[in-house]
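Please treat every number below as a calculation from the coordinates, not as lab data. What you see is a predicted model; the values in this text were computed from it and never measured. No Cβ is skipped: glycine too gets one built from the backbone with ideal geometry, and neighbour counts run over all protein chains shown.
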Amino acid sequence: MRDLLTEKPAITTLFLSFLKLGLTAFGGPAMVAYIKEMAVTRNRWLGEERFKDGVALCQTIPGATAMQTAAYVGLRARGIEGALASFVGFGLPAFILMLILSSLYARYYAVPRIISLFNGLQVVVVAIVANATYSFGKGTFKNYRDALIAIASGALFWIGISPFIVIIGAACAGAFFFRNINTGPFHDQAESIDHVVFKKLLLIILILLSVLLALYLADSKLLRLALLMMRIDLFAFGGGFASVPLMLHEIVNVRGWMDSKTFMDGIALGQVTPGPIVITSAFVGYMLFGVSGAIVASAAIFTPSLLMVVLVTPVFDRLKASAFFTGATKGILASFVGLLFFVTVKFASAVPWDLVRIVLVCTAFFALFKKVDILHVILISAAVSIMIF
């Protein structure tokens, strides 16, 4: 039997608790352990077994894992209102800090010392994405079929096939290759969405559609930005880093909204801020349309994740018992190893390599490989970059 909610927090308590946690939310998925300590151990908002189910759910569906886990805790504790409060509270510090940094970047990026800073951070971004590729591969590759899907995905991306098409193809390949996978015994513990929850969910969707219509009437460019970010989030299986190849393809390669170097600077700023790397969307939005662009891009890239947590939670037990669903998910995760490898090569090709940069990228990669906190790696590299470059 699932362990039940033991304490029922106020909505403001959820918001303020996750806001405080969001101020120090460095490390991406590593924050799940801190969410568990706060929600399960310290405050007893839900039991450990139910929390574990939530983590499994958030690792399976697309989006930033830590953000979705925050929403899941709020959903279990206080329904849809709790999910909104936890989700917004946890992501708000990262958005505000990224907005400030984006503003400073736009104003001072031509200053010599700032140029020196980002010359070094550009190299560190290569190490960050390379380490993400390694971590993805280590956790994903179980047999030759995983590797085959990853290699094919990277090759297709390399020759110019849209990553969205690649991901769909990988899902089909995974459903075929892993169709005989053992999903374990089926326990029909799926819940139903009650009438009140359904009405609230419908209201949120109607509000979302109204906002999109308002964007269309106010500025069609903002609408295109919102729809793009929502599509990226819908395909970002495996956590925040899965959004990087999608953003790169759509923003740099397809639309040419910014060059690779500027996008890499946004990735670096995204790692300096707390929260998931997809907060880079705020940087993209700000560089394109100012504050309104940052707000639209950030809201859009997180909205599908939130809705998916609410929609999938009641039926997740049935989904994870499906060999087709499990196989498709494995295929998608394998494809992101190939896509991230391509992004590593793409970012590396934008760097004017010399001996100093080679030493810096190797040192940064080794530090990340040894689990040194990513914020420490970036701050130390920033100081070194200002002195050397």
Could you tell me, in Å, what Rg and Dmax come out for the Cα atoms of segment 299-389? 19.8, 56
Rounded to two decimals, what ratio of Rg to Rh does segment 92-164 give with C-alpha atoms and a Kirkwood Rh? 1.15
Based on the mean of other Cβ atoms within 10 Å per residue, sort peptides 45-55, 216-226 so the most packed one is first. 45-55, 216-226
Residue 255 to residue 348: FRET efficiency via 1/(1 + (r/R0)^6), r the Cβ-Cβ distance, R0 22 Å, to the nearest 0.05? 0.50
For each pair in 138/330; 142/330; 36/320; 20/52; 52/199, compute the distance between the two Cα atoms and list the pairs where it is over 19 Å. 36/320; 20/52; 52/199
Taking only Cα atoms of segment 41-147, what ratio of Rg to Rh do you get with Rh as the Kirkwood inverse-distance radius? 1.11
Which one of 276, 257, 331 is farthest out on the positive end of the charge dipole of segment 244-343, using unit charges on Cβ (Lys, Arg +1; Asp, Glu -1) and the Cα centre as origin? 331
State the percent of C-alpha pairs, over all pairs in segment 256-356, separated by a distance greater than 19 angstrom. 62 percent
Going toward the positive end of the dipole of segment 11-388, with +1 on Lys and Arg Cβ and -1 on Asp and Glu Cβ, which of 319, 355, 378 do you reach last? 355
The size of the Cβ-based charge dipole (Lys, Arg +1; Asp, Glu -1) of the chain about the Cα centre, to the nearest 20 debye, is 160 debye
Three semi-axes of the equivalent ellipsoid, segment 11-388, Cα gyration tensor, whole Å, largest first: 32, 25, 21
Extension gain from residue 199 to residue 369, taking 0.36 nm per residue of separation minus the Cα-Cα distance: 56.5 nm
Note to self, the chain gives a 222 nm [θ] from helices alone (DSSP H runs n ≥ 4, -39500 (n - 2.57) apiece, / all residues, nearest 500) of -25000 deg cm²/dmol
Relative contact order [Cα under 8 Å, 6+ residues apart], the chain, whole percent: 31 percent
Angle, helix 195-218 long axis vs. longest principal axis of the chain, Cα atoms, 0 to 90°, nearest 10? 30 degrees
Hz values of 3J(HN,Hα) by residue in segment 39-56 - Karplus curve (6.51, -1.76, 1.60), Gly and Pro given as x: 7, 9, 6, 7, 9, 6, 6, 7, x, 5, 5, 5, 5, 4, 4, x, 5, 4
Near residue 140, within a Cβ-to-Cβ distance under 15 Å, what is the net charge of the other residues, with Lys and Arg +1 and Asp and Glu -1? +3
Along each of the three principal axes of the Cα atoms of segment 213-275, give the extent in whole Å, ordering the values from largest to smallest. 35, 25, 22
